[in-house]
Amino acid sequence: MLTQSPFTQVTSVIRLENVTRAYTMGGRTLYALRGVSLDIGAGEFLAIVGPSGSGKSTLLNLIGGIDKPDTGHVWVDQIHVSAMGENALAKWRGDKIGIVFQFFQLLPTLNALENVMLPMELRNSFANNRRARARAVLERVGLGDRATQLPSELSGGEQQRVAIARALANDPPILLADEPTGNLDTETGQRVIELLAELNQAGKTIVLVTHEEQLARTAKRVIRVRDGHIVEQTR
Ligand SMILES: Nc1ncnc2c1ncn2[C@@H]1O[C@H](COP(=O)(O)OP(=O)(O)O)[C@@H](O)[C@H]1O
Ligand SMILES: [Mg+2]
C-alpha cells in the first residue's frame, strides 16, 4: 500500500495507477477496467472516447470517488482518493469535483437558481451569498434570465447548462462530464462542449467522456478506451 503521494510533478492533478474494476453479476464477472494507468495535468481538457460498455463511466466514477477500484490507486490533487472513507470522500468531492451527467439530474421541483444553490447548502459554503453566487454562475453559463424556471420549462440544452452551473456552484478545480451531450442534438451539444472549453480556458481541469469523436476534438487531449484498456493516447 502506498502511503506517500507518488506525484513527482506538481502539474499532475489526477493519477490512476494500474487500476482494475470488475463487476460480478449472476456468477459472471465483467471486467470494466483491466489495468488502467493515466496522468492528467492541472488545467488539462481531456476527452475519453470509446464505445458503449468500454469502461468510460467506470473510469470517471473512480476519479470522482463515486466508485473504488478493486486493485490499483487513484490520486487526485495529492489525495489518495481510493483509500478514503465515505464521509471524508463526500466532503472532499463537494469541494474539489463538479460532475455533469448525460440526463442532467436536476431536481424537478426546484427552479434553476435553487438547483444551483443546492450544492452550496449541502457543503454549507458561501453562506452569506448563495443566491447571488448562484445567479452569477447561471449568468456565467448564459442563463441569467432563466433563474426562476423549473427544469421542465427549459430546453435540453438549457437544462444541461443549469447542471453545469450546479457543478460549478462550489467552484471546484475539476469538472467531470459523463456523456454530457448524449441527450442533446448535435448543435446544442457542440455549444455545451464550447462552454466546457471556456471553463477550461478559465483554469478548470476538465475530463469529458463521450462516444462522439467530433466533440472530442474540442479537447486538448484525447484518449481511447476499449474493453477496459486505454488503447491510444494522443497529445
Ligand atoms: N454497477 C454495475 N454492475 C454491473 N456491471 C457494470 C456496472 N457498471 C458497469 N458495469 C459493466 O462494466 C462495463 C463498463 O461499463 P461502463 O464503465 O459503464 O462503460 P461505458 O461508460 O463506456 O459505457 C460494462 O460491461 C458494464 O456492463
Ligand atoms: Mg457510460
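Bear in mind that the values in this text are calculations on the coordinates, not laboratory data. The model shown is predicted, which means the values in this text are computed figures rather than measured ones. Glycine gets a Cβ as well: all are built from the backbone with ideal geometry, and neighbour counts include every protein chain shown.
Below is a table of values for the structure above.
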| item | result |
| --- | --- |
| Among beta bridges that DSSP assigns inside the range 12-234, antiparallel share in %, nearest 5 | 55 |
| Efficiency of FRET between E153 and L30 - r from beta-carbon atoms, R0 25 angstrom, step 0.05 | 0.05 |
| Listed pairs K56/K91; K91/K220; K68/K204; K96/K204 exceeding 22 Å between Cα atoms | K56/K91; K91/K220; K68/K204 |
| The chain - Debye-derived log10 I(q)/I(0), Cα point model, q = 0.09, 0.11 Å⁻¹ | -0.37, -0.56 |
| Spherically averaged projected area of the range 167-235 from its Cα convex hull (nm²) | 5.2 |
| Inter-label distance for E232 and A127, nm, one decimal - labels placed 7 Å from Cα along Cα-to-Cβ | 5.3 |
| Karplus (6.51, -1.76, 1.60) ³J(HN,Hα), θ = phi - 60°, over the range 202-212, in Hz, Gly and Pro reported as x | 7, x, 6, 7, 10, 10, 10, 9, 7, 9, 9 |
| Net lengthening on full extension, W92/H80 (0.36 nm per residue, minus Cα-Cα) | 3.2 nm |
| Packing rank of 194-205, 215-226, where each peptide gets the mean count of other beta carbons within 10 Å, highest leading | 215-226, 194-205 |
| Under 5 Å, built H, 5+ apart or other chain: amide partners of V222 | A47, T234 |
| For the range 116-181, diffusion coefficient by Stokes-Einstein and Kirkwood Rh (Cα), 4 °C, 1.567 mPa s, µm²/s | 106 |
| Fraction of antiparallel bridges per DSSP, the range 132-235 only, in percent to nearest 5 | 50 |
| Helical contribution to [θ] at 222 nm, DSSP H n ≥ 4, -39,500 (n - 2.57), averaged over the chain, rounded to 500 | -9500 deg cm²/dmol |
